[in-house]
Amino acid sequence: MWGMEWIAYVVATVFCILGAVCVGSIVFSLPGTWMILGLAAIIEVVDGLYLPDGRSQTFDWWVLGACVVLAAVGELIEFAAGAAGVKVGGGSKRGMVGALIGGILGAILLTGLVPVPILGTLVGVLIGTFAGAVIGEISGEKAKTVGGSLKPATGATIGRVLGTVGKMAIAIAVWITLSVAAFWG
């Protein structure tokens with residue numbers, strides 16, 4: 001069935017391209033690794049429609065399972081790095097929550113500050129993380145001064161950068177693993 005074999009290569013190529021976009025989406029605070037895994041799951045559901053005889057699936061289940069574990073580790077790294085940054089800076093839980101919310105809002109609302117794709121979003125996330133941590137620290141029952149909130153906010157921002165880099169590295173590993181499996185699985 002040579003006629004059906006080329007479809008598997010087209011699907012693998014499209015998966016690789018979309019997977020790269022998903023990796024890039026992590027900068028926007030989107031769950032890019034999980035989106036890659038979602039694409040892989042969709043491919044698995046429709047495998048029987050296009051795979052040539054002799055192949056029953058694109059991705060081995062153990063590969064998908066390992067990638068799910070890696071994705072979970074990436075989420076833990078991102079969360080732990082941001083939390084550790086606030087903690088190292090002497091911040092509170094309120095500052096951590098503020099940094100998280102600020103980072104998401106910064107990605108959405110401040111992307112236009114730098115009219116360069118991805119870079120603008122990254123700047124927005126960093127400004128939002130910093131501002132959110134400051135707001136979290138200066139509000140509430142045990143409020144700090146603005147000056148007293150700068151160290152935790154700086155820690156949160158550095159933690160956010162390190163967490164995003166770590167999560168992106170894991171997303172790249174998942175993307176490469178599944179891309180190789182899509183072509184040679």
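Below are the figures for this structure:
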| item | result |
| --- | --- |
| The range 30-46, residues that are open to solvent by less than 40 Å² (accessible area, probe 1.4 Å) and within 19 Å of Ile118 (Cα to Cα) | Gly32, Thr33, Ile36 |
| Restricting the range 160-177 to residues that are of a type outside the set (Ser, Thr, Tyr) and under 15 Å from Gly106 (Cβ atoms), the residue that is most open to solvent (accessible area, probe 1.4 Å) | Val161 |
| Checking Ser149 against (1) more than 26 Å from the chain's Cα centre (by Cα); (2) open to solvent by 20 Å² or more (accessible area, probe 1.4 Å), the condition it does not meet | (2) |
| Cross-chain or 6+ apart pairs with Cβ under 6 Å, the range 119-138 first and over 15 Å from Lys151 (Cα atoms) and open to solvent by 40 Å² or more (accessible area, probe 1.4 Å), then in a helix (DSSP H, G or I) and among the aliphatic types (A, V, I, L, M) | Leu122/Val27; Val123/Leu113 |
| Residue tally, condition open to solvent by 60 Å² or more (accessible area, probe 1.4 Å) and either in a loop (DSSP other than H, G, I, E, B) or over 19 Å from Gly24 (Cα atoms) (or both), over the range 101-110 | 1 |
| Test result for Val97, touching a Gly at 6+ places or on another chain (Cβ under 7 Å), free of Cβ contacts under 8 Å to residues at least 60 places away in the same chain and either over 22 Å from Val21 (Cβ atoms) or surrounded by 18 or more Cβ atoms within 10 Å (Cβ to Cβ) (or both) | yes |
| Residue check, Leu178 assigned to a helix (DSSP H, G or I), within 22 Å of the chain's Cα centre (by Cα) and modelled with pLDDT of 90 or more | yes |
| Single residue of Val23, Val63, Val88 found to be open to solvent by less than 60 Å² (accessible area, probe 1.4 Å), of a type in the set (A, V, I, L, M) and under 18 Å from Gly166 (Cβ atoms) | Val23 |
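Quick grid of which residues meet (1) part of a loop (DSSP other than H, G, I, E, B); (2) at pLDDT below 90:
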| residue | (1), (2) |
| --- | --- |
| Glu78 | no, yes |
| Gly82 | no, yes |
| Gly90 | yes, yes |
| Arg94 | no, no |
| Gly112 | no, yes |
| Pro117 | yes, yes |
| Thr121 | no, yes |
| Phe130 | no, no |
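The values are calculated or read from the model by the stated rules, or taken from the named source; none is laboratory data. Given the structure is predicted, the values throughout are model-derived calculations rather than measurements. Glycine gets a Cβ as well: all are built from the backbone with ideal geometry, and neighbour counts include every protein chain shown. SASA here: full protein model, heavy atoms, side chains in, ligands and nucleic acids out. Shrake-Rupley method; radii C 1.70, N 1.55, O 1.52, S 1.80 Å.
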